[in-house]
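Computed from the coordinates by the stated procedures, all read-outs in this text should not be read as laboratory data. All figures in this text were calculated on a predicted structure; none of them were measured in a lab. Glycine also receives a Cβ, built like all others from the backbone with ideal geometry; neighbour counts cover every protein chain displayed.
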Amino acid sequence: MTGSVPSRHHDIADDLRQQITTGRIQPGERLPSEADLADRYKVSTLTLRSALAALQGEGLVEKIHGKGNFVRRSLREIMYVGGWGILDPWIAAEAALRVTVRTNTVQAHGHLTTLLNVPMGSPVAEFSCLSLEGASPHGLARIYLPRDLAPAGVLDDESAYSEAATRFAVLGSAPAAVRETVRARLPTPDEASALRIGSTMPVLAITRTATDLAGRVVEAALLAFPGDRIDAVFTTHHVIDERQTQG
């Protein structure tokens, strides 16, 4: 019988992992280039990238396009507060946390028509939000409103809704009801790239829809957070019938 031989990339990942966890390679430090590491370990670039992918999936290393691979800094835990769909306000208020917002008008198609309950091709206001702590991505949100409900000028002046976007909050007026579906899953290629995580690092994906008193969907949001440092908190308030308190 022939025993299984550990893949070379596992050995490389183990060695780099030990250097990171023992502090020989510091948080924020750039690793040698992939070519230099491949030469050091006497392996192909493909094998070396497999080792780095394993460390990226564990959240130890992040790859920044055009700059290289870096030891990931210990990032702040994230709290998602359900009901209003906001980040923990203490974190959202941190000066170190900033949000980039891109606005656009798109046509509803596929899943979006179902979420917003609008006909195919309907104009929709889109807000693409990425929160960052320093240079490290913190969370990702794509928020959609029926175009006729988007306040005047909101697509022209991103700063008008910067606070709401910072907290990934409902952008319009207070809705009558908010429905949230929470799911742990693997990231899409776009999410993995934006959040700088490995394709095997789970994300906490939250689909949120807000409706008005007439039952019309006034907003749909698709949120994604790195699964290794996010807590979602939901609080249920029970309404007591006044008749039950009388007697």
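Return the FRET efficiency for the residue pair ASP14, LYS67: r is the Cβ-Cβ distance, R0 is 25 Å, and the value is rounded to the nearest 0.05.
Working: r = 25 Å, r/R0 = 1.00.
FRET efficiency, ASP14 to LYS67: 0.50.
On a full-extension model of 0.36 nm per residue, what is the gain between ASP190 and HIS109, subtracting their alpha-carbon distance, rounded to one decimal in nm? Intermediate values should be presented prior to the final figure.
Values: separation 81, 0.36 × 81 = 29.16 nm, distance 1.84 nm.
Separation in residues times 0.36 nm, less the Cα-Cα distance, equals 27.3 nm.
Would you please give the residues with an amide H less than 5 Å from that of ILE78, counting only those at least 5 places away or on a separate chain, with H modeled from the backbone geometry?
Amide H neighbours of ILE78, under 5 Å, 5+ apart: ILE230, ASP231.
Can you put SER33, SER50 in order, fewest other beta carbons within 10 Å first? Spell out each step's value before the answer.
Numbers: SER33 13, SER50 17.
Result, fewest neighbours first: SER33, SER50.
Lys and Arg at +1, Asp and Glu at -1: add these up for the other residues within a Cβ distance under 13 Å of GLY227 and post the number. Before the final figure, lay out the partial values.
Values: positive: ARG183, ARG185, ARG229; negative: GLU58, GLU77, GLU191, ASP228, ASP231.
Around GLY227, the surrounding residues sum to -2.
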